[in-house]
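Remarks on the structure that follows.
The values are calculated or read from the model by the stated rules, or taken from the named source; none is laboratory data. Being a predicted model, the structure only gives us computed values, none of them experimental. Glycine also receives a Cβ, built like all others from the backbone with ideal geometry; neighbour counts cover every protein chain displayed.
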Amino acid sequence: MGNCQRRHLWYTCLTAGLKGTDYSTMTLALLFDLDGTLLHTDPLHAAVFSELFAQRGRQIDDAFYLHHVHGRQNLDIFGEHFPNEDAQTLSNIKEAAFRARLGAQMPTPGLAALLDQAETQGWPVAVVTNAPRDNAEVMLAAIGMRQRFDTLIIGDECDRGKPDPAPYRAAMAALGVAPDICIAFEDSPSGVASGVAAGALTIGLRSSLTDAALRAAGAVASIADFTDPILPGLLSRRLSSQGVS
């Protein structure tokens, strides 16, 4: 199936999910995590972290990565596991290696169609990430999506990063929207917790974790990607909660 056909199918599903809705009064704001949500970067992050740990005599496996690294800020990770080294220096080394190996990437399936729909409906969109700004810019460029978002919020540039709600609250403030019209898309427990605490209806992406793990963190549901057939119903649910019918 070609890209145009996939987008048409997504629009058809969205329209069915919102059947009976007055499109002129629809208001949503879509807030997206970056790593593992807009593109599948976890294998590369895991490899770079594994190499850095191995260079310091520590072997880590997938379970360690998911429980102690995934979704956390670098300074917290390195401060905890290598307290005798400068966490910022280690972070810089790790992220430079990640950027050097990233290359061109494909966006998560269905992302372009969802952003097209947001643009058509006038829904503001933002990226909210714990990634360093240099990484975020490189990743968005790698999927050709930098200009598709109204704002880019970096956790390190907020008072606190995820799982604190500060990054999502900053995105809401930048977009000028209230929490009750926001949907957040996240792939990690810390990100889900951040979105939920900020008041966004938070949907998990099963890029690395299971539905059960994402729901345990507070997600209302999880999707495989942005072509998932349950997504239109979730958008409709948020609209319905505003009294739109």
**Message:** Contact list please: Cβ distance under 9 Å, first residue in segment 146-165 and in the same structural domain as residue 73 (by TED's automatic domain parsing) and closer than 17 Å to residue 176 by Cα, second residue part of a loop (DSSP other than H, G, I, E, B) and modelled with pLDDT under 95, pairs at least six apart or on different chains.
**Reply:** none
**Item:** Hits in segment 140-162 - residues which are among the small types (Gly, Ala, Ser) and assigned to a helix (DSSP H, G or I)
**Value:** 141, 142, 155
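If you take the residues in segment 185-237 that are acidic (Asp, Glu) and in contact with an Asp or Glu (Cβ under 8 Å, 6 or more places away or on another chain), which one is surrounded by the fewest Cβ atoms within 10 Å (Cβ to Cβ)? Full working, then the answer.
The first filter runs over segment 185-237 and keeps only residues acidic (Asp, Glu), leaving 186-187, 211, 225, 228.
Adding the requirement that they be in contact with an Asp or Glu (Cβ under 8 Å, 6 or more places away or on another chain) leaves 186-187.
Working: 186: 32, 187: 26.
Going through the qualifying residues, I end up with 187.
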**Message:** So, in segment 1-56, exactly how many residues are at negative phi, at pLDDT 55 or above, in a loop (DSSP other than H, G, I, E, B) and of a type outside the set (A, V, I, L, M)?
**Reply:** 7
**Prompt:** Which residues, taken from segment 90-139, are more than 21 Å from residue 154 (Cα to Cα) and outside any loop (DSSP other than H, G, I, E, B)?
**Reply:** 101, 112, 113, 114, 116, 117, 118, 119, 120, 121
**Message:** The conditions are (1) touching a residue at least 60 places away in the same chain (Cβ under 8 Å); (2) within 23 Å of residue 41 (Cβ to Cβ), and residue 235 fails exactly one of them. Which is it?
**Reply:** (2)
